[in-house]
Structure formats: structure tokens, C-alpha cells
Amino acid sequence: MLKKLPLPLWTIALPILAWVAYFLPLQSIGGFGTALLVMFLIGSVLAAVHHAEVVAHKVGEPFGTLLLALAVTTIEVALIVSLMLTGGPGTEELARDTVFAAVMIILTGMIGICLLVGGVKFKQQEFSLDGVKAALVALTAILVLSLILPNYTTSMVGPSYTTAQLIFVAIISLILYGAFVLIQAVRHRDFFLPPGDDGNEEVHAAPPTKSVALSSGLLLLVCLGIVVLLAKALAPDIENAVVNAGAPKSLVGVIIAGVVLLPEGLAAYRAARKNRLQTSLNLALGSALASIGLTIPAVAIVSIITGMTITLGIDTKSMVLLLLSQFTIMLSLGSGRTNVLQGVVLLTIFAAYLFTIIAP
């Protein structure tokens, strides 16, 4: 009699098959090979979500969501840096486009879907207001310093920082993100815990064993690694498809950010469906902070070492959408309770963001 595996077989087999497929010349056989790689990419993302939830259940909140945010952001940074170093013209705007896209996807798309789904199923959901306020105050400062202020400095022409300014903003971003992690994981961990028992069975479910959690942790790294490699391999096809469709090149950054954030997005969605909105918000806001707080210092180092000038400042249209998103999020999450309306409003802003990329 076969012994039952502690983890679902598909979560082990799919990332292994994806690694094998990556080293095979599948793209040389045309559209069918590319479609296979896309399927393995999606499968690896789904496997990553499962393993992340296993690890999160073992270590508890907020360490589980923090771990996933750091893991996925590391992959995002690696992907952006590798594309910057190997790409051609236009890569100086890649970091800005990807970071801005990640923030908009998280603040309006990811949180909007979670609030909508939770509101439809449970009418109202509660969360810790202190934790959300801590995340938003840090996120607002980093966003303005990284994406808006470069448009108004005068030491350099264009929406870019000088080397000294870039170093300063990179250090400030790390300080702000480090302070947030300290608050989340050490000094005020209770701010990020669910406000009481929410009545779902997973609160009382037995955590996985150490061996299962360790296996899931290693498999999570395997999944995330192949996700970034497949995303990088498919990037030229994505860019060609965007250009051939007549869409702006900034859409590439949106697609890259969407692929990288898919594991966290699915995990946040599943948590909201189980009436664990606090976990969803921990994932979403923590991801937004990690995405910009770690990416900006990383691309700053690449810029200084290679001498490449990177463009950080977003245009006026993007500034309006970003500030509208921040303002709406603050109002939506300002009472400690949410309903369907906030989700609908955030999703309409997300739709406007996507529409104005295609039809600027």
C-alpha cells in the first residue's frame, strides 16, 4: 500500500516539470512551446500559493505573510535587475513601470477583489486598524519620495535623481521598510493579528509538522525561482505581443508585475473568502511596501555600478491615479470595517488605470 504524501502530488510535480521544461528548447517550436511554458508558469504560481499557506500556518501571523512578501519581492527584484542588465533601450524605465504597476495592482486590484469577495459573502469584515495605519503611513512616504518627488527636483533634467539623491532615497526606503518590519514582527505584532476569533475552522486547525513546513519552504523557493526564470524567458514574447498590438511599452511592466504578484494575490483572495481579511491586508500592504521599499535600493545599486540613468518619476496621469488610489484606500480602511462598496470603488479605479494604459 502506498504511503500518503504529506503534500499534494501536483504541488511537488509541477515545479519540477517546469524546471525541466525551462531547459528544453520549447520556444523554438513556436506557439505550442510558448503555451506549454505559460501553463507551467501558472502551475508553479498555484503550487507556490499552496506552499506559502502551509508555511504561513506553521509560523503564524504576521510572520507567514511577511515571509511570502519578502520571497516574492526578492523574485521581483531579481527579475527587474536581470532585465535591466540584459535588456536594450527602454530598460531605464522598467523599474519605475513595474513598481508603479505592482503598487496599483495591489492597492486597487488585489485589495479591491478581497473587499468585494468578502463583502458579498460576509456583508462586513473586520480588521486591525492599527496595523493598516502603520503600513499606509510608511507606504505613502516611500511612494511620494520614490515616484513623485523626482519630477520636481532641479539638480537633474527630467524625472530622474542624481547619484547622491538616488543613494539618499534608497537609504530612506530601506529605513522606512525596516521600521515597518520591526513594528510588524517585533514591537507591535498584535497590530497585525485578526481582531478575535473569526469563526473559521482554520484558526483551530492543527499546524503542519516541522518536516512538512520545511519541505513546503524549500518547494516555495523552487516554485518562485522557476516563476522568475519562466517570466524572464517569456518577456520577449510578451513585449513583442504588446508592441504588435499597438499598446504602450509600459504595459510590459504591468504584465511582469501581475505575474510576480499572482501567488500573493491568490493567497489574499483565498484568505478573504475564508473571512480572514486581516491576512489579506497583511499580504497586500506588506507586498506593496516590500515591492517598492526593496526594489528602489536594488535598482539604485545597479544604476550606480553600471552608470545607467534610471527614470523614477511617473507622469501626471499616473500621479493622479496613484494619489486617488491612496486617498480611496485610506477612506476605505479608515473604520476597521469593510463592505462591498469599497471593493467596487477600488476595482473601478483599477479598471481606469488599465484602460488609460491602453488608451492614454
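Looking at Leu219, Leu251, Leu224, just one residue is of a type outside the set (Val, Ile, Thr), over 21 Å from Pro15 (Cβ atoms) and in a helix (DSSP H, G or I), and that residue is Leu251.
In this entry, Ile314 passes the filter for residues that are touching a Phe, Trp or Tyr at 6+ places or on another chain (Cβ under 8 Å) and either open to solvent by 70 Å² or more (accessible area, probe 1.4 Å) or not in a helix (DSSP H, G or I) (or both).
Hey, among the residues in the stretch 182-201 that are touching a Gly at 6+ places or on another chain (Cβ under 9 Å) and either polar (S, T, N, Q) or modelled with pLDDT of 85 or more (or both), which one's nearest to Leu277 (Cα to Cα)? Across the stretch 182-201, the extreme among qualifying residues is Gln184. For the stretch 226-274, which positions are more than 12 Å from the chain's Cα centre (by Cα), closer than 30 Å to Gly336 by Cβ, of a type outside the set (D, E, K, R) and open to solvent by 40 Å² or more (accessible area, probe 1.4 Å)? Tyr269 - this is the single residue of the stretch 226-274 that is more than 12 Å from the chain's Cα centre (by Cα), closer than 30 Å to Gly336 by Cβ, of a type outside the set (D, E, K, R) and open to solvent by 40 Å² or more (accessible area, probe 1.4 Å). For the stretch 157-189, what are the residues that are open to solvent by 80 Å² or more (accessible area, probe 1.4 Å) and either among the hydroxyl-bearing types (Ser, Thr, Tyr) or without any contact (Cβ under 8 Å) to a residue 60 or more places away in the chain (or both)? Matches in the stretch 157-189: Val157, Thr163, Phe168, Ile175, Leu182, Val186, Arg187.
Can you tell me which residue is nearest to the chain's Cα centre (by Cα) among those in the stretch 24-34 that are surrounded by 11 or more Cβ atoms within 10 Å (Cβ to Cβ) and in a helix (DSSP H, G or I)?
To start, the set of residues in the stretch 24-34 that are surrounded by 11 or more Cβ atoms within 10 Å (Cβ to Cβ) comprises 24, 26-27, 29, 33-34.
Keeping just the survivors that are in a helix (DSSP H, G or I) gives 26-27, 29, 33-34.
Numbers: Leu26: 28, Gln27: 27, Ile29: 32, Gly33: 27, Thr34: 24 Å.
Ranking the candidates gives Thr34 first.
Just wondering, is there one or more residues in the stretch 149-158 that are at pLDDT 80 or above, aliphatic (A, V, I, L, M), assigned to a helix (DSSP H, G or I) and over 22 Å from the mean Cα position of the chain (by Cα)?
Here is the first cut: in the stretch 149-158, the residues at pLDDT 80 or above are 149-156.
Next, only the ones that are aliphatic (A, V, I, L, M) stay: 149, 156.
Within this subset, residues satisfying the condition of being assigned to a helix (DSSP H, G or I) are 149.
In the following step, the residues that additionally are over 22 Å from the mean Cα position of the chain (by Cα) were identified as 149.
Yes, that holds for at least one residue.
Candidates in the stretch 97-134 are the residues that are out of contact with any Pro (no Cβ under 9 Å at 6 or more places or on another chain) and hydroxyl-bearing (Ser, Thr, Tyr); of these, the one that is farthest from Leu251 (Cα to Cα) is Thr108.
A single member of Leu289, Leu322, Leu283 is closer than 20 Å to His51 by Cα, of a type outside the set (Phe, Trp, Tyr) and open to solvent by less than 10 Å² (accessible area, probe 1.4 Å), and it is Leu283.
Report, by residue number, each residue of the stretch 333-352 that is hydroxyl-bearing (Ser, Thr, Tyr), open to solvent by 10 Å² or more (accessible area, probe 1.4 Å) and either assigned to a helix (DSSP H, G or I) or in contact with a strand residue (DSSP E or B) (Cβ under 6 Å, 6 or more places away or on another chain) (or both).
The first filter runs over the stretch 333-352 and keeps only residues hydroxyl-bearing (Ser, Thr, Tyr), leaving 335, 338, 348.
Next, only the ones that are open to solvent by 10 Å² or more (accessible area, probe 1.4 Å) stay: 335, 348.
Of everything in the stretch 333-352, just one residue is hydroxyl-bearing (Ser, Thr, Tyr), open to solvent by 10 Å² or more (accessible area, probe 1.4 Å) and either assigned to a helix (DSSP H, G or I) or in contact with a strand residue (DSSP E or B) (Cβ under 6 Å, 6 or more places away or on another chain) (or both), namely Thr348.
Annotation: Ala21 fulfils all but one of (1) at pLDDT 85 or above; (2) part of a loop (DSSP other than H, G, I, E, B); the unmet one is (2). Here Ser303 clears all of (1) among the hydroxyl-bearing types (Ser, Thr, Tyr); (2) surrounded by fewer than 24 Cβ atoms within 10 Å (Cβ to Cβ); (3) closer than 27 Å to Ala52 by Cα except the condition numbered (3).
What residue, among those in the stretch 92-126 that are open to solvent by 10 Å² or more (accessible area, probe 1.4 Å) and not in a helix (DSSP H, G or I), is nearest to Leu289 (Cα to Cα)?
Keep residues of the stretch 92-126 that are open to solvent by 10 Å² or more (accessible area, probe 1.4 Å), which gives 92-94, 96-97, 100, 105, 110, 113, 116-117, 120-124, 126.
Filter once more, so that each one left must be not in a helix (DSSP H, G or I): 123-124, 126.
Numbers: Lys123: 28, Gln124: 26, Glu126: 22 Å.
This residue is Glu126.
In the stretch 119-131, the residues that are closer than 19 Å to Gly334 by Cβ and touching a residue at least 12 places away in the same chain (Cβ under 8 Å) reach residues that are open to solvent by 100 Å² or more (accessible area, probe 1.4 Å) and of a type in the set (Lys, Arg) with C-beta atoms within less than 6 angstrom, at least six apart or across chains, in these pairs: Gln124/Arg337; Glu126/Arg337.
Return the only residue of Val55, Val45, Val38 being open to solvent by 40 Å² or more (accessible area, probe 1.4 Å) and modelled with pLDDT of 75 or more. Steps first, answer last, please.
On the way: Val55 fails: open to solvent by 40 Å² or more (accessible area, probe 1.4 Å); Val45 fails: open to solvent by 40 Å² or more (accessible area, probe 1.4 Å).
Result of the check over Val55, Val45, Val38: Val38.
For the stretch 138-148, filtered to residues that are closer than 20 Å to Leu94 by Cα and touching a helix residue (DSSP H, G or I) at 6+ places or on another chain (Cβ under 8 Å), the residue that is surrounded by the most Cβ atoms within 10 Å (Cβ to Cβ) is Ser146.
Consider Pro15 carefully, then state whether it is open to solvent by 20 Å² or more (accessible area, probe 1.4 Å) and either closer than 30 Å to Thr316 by Cβ or at pLDDT 75 or above (or both).
Numbers: open to solvent by 20 Å² or more (accessible area, probe 1.4 Å): no; either closer than 30 Å to Thr316 by Cβ or at pLDDT 75 or above (or both): yes.
Against the criterion (open to solvent by 20 Å² or more (accessible area, probe 1.4 Å) and either closer than 30 Å to Thr316 by Cβ or at pLDDT 75 or above (or both)), Pro15 does not qualify.
Per the conditions (1) assigned to a loop (DSSP other than H, G, I, E, B); (2) modelled with pLDDT under 85; (3) open to solvent by less than 50 Å² (accessible area, probe 1.4 Å), the sole criterion not satisfied by Pro89 is (3).
The values are calculated or read from the model by the stated rules, or taken from the named source; none is laboratory data. Note that the structure is a prediction, hence the values are computed from the model and not measured. Don't worry about glycine lacking a Cβ; one is built from the backbone with ideal geometry, like all the others, and counts go over all protein chains shown. Heads up: the accessible areas ignore ligands, DNA and RNA and are worked out on the full protein's heavy atoms, side chains in. Shrake-Rupley method; radii C 1.70, N 1.55, O 1.52, S 1.80 Å.
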